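The values are calculated or read from the model by the stated rules, or taken from the named source; none is laboratory data. Predicted model, so just to flag it, every value in this text is computed and none were measured. A quick note on method: Cβ atoms are made from the backbone with ideal geometry, for glycine too, and the neighbour counts reach across all protein chains shown. When the accessible area is computed, the model is the full protein with side chains, heavy atoms only, and any ligands, DNA or RNA have been set aside. Shrake-Rupley method; radii C 1.70, N 1.55, O 1.52, S 1.80 Å.
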There are 2 protein chains.
Amino acid sequence: MVVSVQTALPDFDPLFAALADHTRRDIVRRAISAEEGVLELAGHYPMSFAAVQKHVAVLERAGLITKRRVGRRRVVRTNLEALLVARRLLDQYEELWRARIDRMNELIAETAGAIDTGAKKESQR
Amino acid sequence: MVVSVQTALPDFDPLFAALADHTRRDIVRRAISAEEGVLELAGHYPMSFAAVQKHVAVLERAGLITKRRVGRRRVVRTNLEALLVARRLLDQYEELWRARIDRMNELIAETAGAIDTGAKKESQR
DNA sequence: AACTTATACAACCATATGGTTGTATCAGTG
DNA sequence: CACTGATACAACCATATGGTTGTATAAGTT
């Protein structure tokens, strides 16, 4: 059984960059459920085979897809793990956001007693 | 109370592109909890103020941050909604992935009776 | 009003990106 | 082995990106 112990700190730059293109996102989406080769994928887009092949290469370098030989084709499959890596970062941001709201609420609670006692003007350097 | 009814189909390209840069992700992270102006933000990075200002502009165009005047400064705040838009897309992909696994499992169950009845060689065009 | 602080923006440069066409490689098939 | 199908990759081009410096504007401060 294969258990990758924990891939080193992920390189988010190529990951998000790969997702920043409509064609590539569509390839990712297709490659989740389908089992298409590069040529078949290329059929879906209004550009040359070579262009699509380059998009696939970008996705592969970003770790978002993998290819395996099936006959003469190289079948493209989306790598869930990479999607999760990206999602986890966004989750982390969301968590930070919640933490901030919590802190603000605490602050409001603490300050509640001071309402209408004159603490109004805010210093702004 | 302000309730944006539903922003039109989100433009993922600038959103993910904005996240595809380490400096910009760091600005987003900082702007979640801090209340810094552009000049203060610039202090954290080894580049000119103008460079940081351009990064902030990219983030603003992508909808990831907003600025509001506080005194003479323009304080930068992360926009949670944009983060959620990005996360939702990744959630959708994950969901597609789960659906695929489910379908595969169903297929395996259906085919289970046919085991050892000779259905082995797989056509591959 | 003059000065200072904070921000914006234009012009410029080097490199990266997204597309093209053409050529090379590589695995099945007759 | 020759042929075809599928992929890879190099070379090229136009535009975008990430950085720089310099100048302009806008809001507080004295």
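Of all residues in the stretch A:73-94, those satisfying the criterion of being open to solvent by 70 Å² or more (accessible area, probe 1.4 Å) and touching a Gly at 6+ places or on another chain (Cβ under 8 Å) are A:Arg74, A:Glu81. Would it be correct to say that B:Arg29 is away from DNA strand C (no atom under 12 Å from the Cβ) and open to solvent by 70 Å² or more (accessible area, probe 1.4 Å)? So B:Arg29 passes the test. Checking each residue in the stretch B:41-68 for being surrounded by fewer than 18 Cβ atoms within 10 Å (Cβ to Cβ) and either more than 9 Å from DNA strand D (Cβ to nearest atom) or at the interface with chain A (Cβ under 10 Å from one of its Cβ atoms) (or both) picks out B:Gly43, B:His44, B:Ala57, B:Glu60, B:Arg61, B:Thr66, B:Lys67, B:Arg68.
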